[in-house]
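One structure is given here, and the rest of the page talks about it.
The values are calculated or read from the model by the stated rules, or taken from the named source; none is laboratory data. Here the structure is a predicted model, which means the values were calculated and not measured. Positions of Cβ are generated from backbone atoms using ideal geometry, with glycine treated the same way; all protein chains shown enter the neighbour counts. Note: accessible area is taken over every heavy atom of the protein model, side chains too, but ligands, DNA and RNA are not part of it. Shrake-Rupley method; radii C 1.70, N 1.55, O 1.52, S 1.80 Å.
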Amino acid sequence: MNKVMVTAAVVLLNGCVAVQHQGAAVEAELAPEKTLTASEIIANAADSDWRTVDANNVLKITLPTGAAYIELNPQLAPLHVENIKKLAREGFYQGTNVYRFVEGFVAQGGDSSASKAIKTASKSVPAEFYLTTPEPLAITEVAADGYAAVTGFLNGFAVAQNSAHTQTWQVHCNGVFAMARNNDINSGGTEFFVTLGHAPRYLDKNISVFGRVLAGMEHFNRLQRTSSPGEAFNPITDMQVLADIHAVDTTMFKVMKTNSLPFKQLIKARKNRTAAWFVHSAHYIDVCAMAIPTQRVN
């Protein structure tokens with residue numbers, strides 16, 4: 001009987017495994033790990049990866065072309081959140097207007113005359129430029145940048161921190177909701193603004209930021225730039241707490257949890273664009289370019 005020599009070798013070459021057995025080569029491709037696109041990550045996220053926004057922390061601002069919805073941020077600015085809800089509930093913003101519009105910067109609204117009576121709220125609120133915690137506060141980190149030692153996300157808001165992670169503040173990305181003030185840092189209380197376009201990050205830690213636009217940003221962008229004789233300039237019909245008007249507005253929002261695995265995968269995907277259209281990927285993303293997936297439920 002002829003002696004049969006059997007040799008087996010495994011060679012890894014160009015992503016394939018070549019198996020030599022009894023003189024015959026059998027190739028088995030190694031399946032590369034599939035890289036999901038941002039849209040695939042969002043589509044595949046489980047229900048548990050989303051949170052329903054508390055309607056008690058949503059403001060509805062009715063503008064000439066439609067309503068904008070703002071999620072408030074009580075963790076970082078509880079005094080401002082409490083005060084603006086009081087102002088909304090007493091009807092303070094009825095008949096006021098968005099009286100200042102700076103292209104690519106801010107739209108500012110409230111009582112431009114500074115004379116409207118306040119019933120239950122406060123005219124000014126102590127500054128809440130950042131939250132100080134005795135222990136480091138964990139966030140979903142993105143990267144350091146020229147404005148902060150750490151940037152990232154906390155409970156659905158873009159934030160920054162000091163190097164010790166003991167100071168945390170919401171950063172000025174497009175669509176943030178903040179309180180205007182004069183030179184006195186504690187003078188803000190009624191005059192809000194929404195940022196437009198490229199983020200004015202140099203305002204960080206100089207202003208109390210306490211929310212972001214969930215939906216309706218287009219209505220701020222469509223505001224009149226200048227007033228016309230005989231016409232109300234960017235009137236605010238009303239500002240309401242969404243939970244208070246559930247009988248007439250059942251709008252709900254879901255936001256992807258920013259500490260979830262899909263959101264972390266989303267950061268990676270947006271840092272490294274793999275779609276065929278891209279010929280270059282920066283392998284980097286700044287905190288304001290990282291959109292937070294938000295769904296309007298109804």
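Worth pointing out:
- Selection status of Ser115, part of a loop (DSSP other than H, G, I, E, B) and either hydrophobic (A, V, I, L, M, F, W, C) or open to solvent by less than 70 Å² (accessible area, probe 1.4 Å) (or both): no
- Whenever a residue of segment 224-245 is over 15 Å from Ile61 (Cβ atoms) and part of a loop (DSSP other than H, G, I, E, B), its partners that are open to solvent by 20 Å² or more (accessible area, probe 1.4 Å) and of a type in the set (Phe, Trp, Tyr), lying with C-beta atoms within less than 6 angstrom and at least six residues away or across chains, give the pairs Arg225/Phe101; Ser227/Phe233.
- Scope segment 242-271; condition open to solvent by 20 Å² or more (accessible area, probe 1.4 Å) and either basic (Lys, Arg) or closer than 17 Å to Ala38 by Cα (or both); matching residues: Lys254, Lys257, Asn259, Leu261, Lys264, Gln265, Lys268, Arg270, Lys271
- Annotation: of all residues in segment 272-292 being β-branched (Val, Ile, Thr) and assigned to a loop (DSSP other than H, G, I, E, B), the one that is surrounded by the fewest Cβ atoms within 10 Å (Cβ to Cβ) is Val279.
- Within segment 147-156, restricting attention to residues that are in contact (Cβ under 8 Å) with a residue 40 or more places away in the chain and part of a loop (DSSP other than H, G, I, E, B), the residue that is farthest from Pro78 (Cα to Cα) is Tyr147.
- Among residues of segment 118-145, those that are touching a residue at least 40 places away in the same chain (Cβ under 8 Å), open to solvent by 70 Å² or more (accessible area, probe 1.4 Å) and touching a Lys or Arg at 6+ places or on another chain (Cβ under 8 Å), counted: 1
- Residue check for Met239: farther than 18 Å from Ala127 by Cα, touching a strand residue (DSSP E or B) at 6+ places or on another chain (Cβ under 6 Å) and buried (at least 16 other Cβ atoms within 10 Å of the Cβ): yes
- Every condition in (1) open to solvent by 10 Å² or more (accessible area, probe 1.4 Å); (2) part of a strand (DSSP E or B) is met by Val159 except one, and the failing one is (1).
- Selection from segment 73-101 of residues that are part of a helix (DSSP H, G or I) and either more than 21 Å from the chain's Cα centre (by Cα) or basic (Lys, Arg) (or both): Asn83, Lys85, Lys86, Leu87, Ala88, Arg89
- Contact annotation: residue pairs with Cβ atoms under 7 Å, 6 or more positions apart or on different chains, pairing a residue in segment 76-100 that is within 11 Å of Thr237 (Cβ to Cβ) with a partner that is surrounded by 16 or more Cβ atoms within 10 Å (Cβ to Cβ) and among the aliphatic types (A, V, I, L, M), are Tyr93/Leu87; Tyr93/Ile236; Tyr93/Met239; Thr96/Ile236; Asn97/Ile236.
- Taking strands (runs of 3 or more DSSP E) as the structural unit, those lying wholly within segment 170-221 and holding at least 1 residues that are surrounded by fewer than 21 Cβ atoms within 10 Å (Cβ to Cβ) correspond to 208-215.
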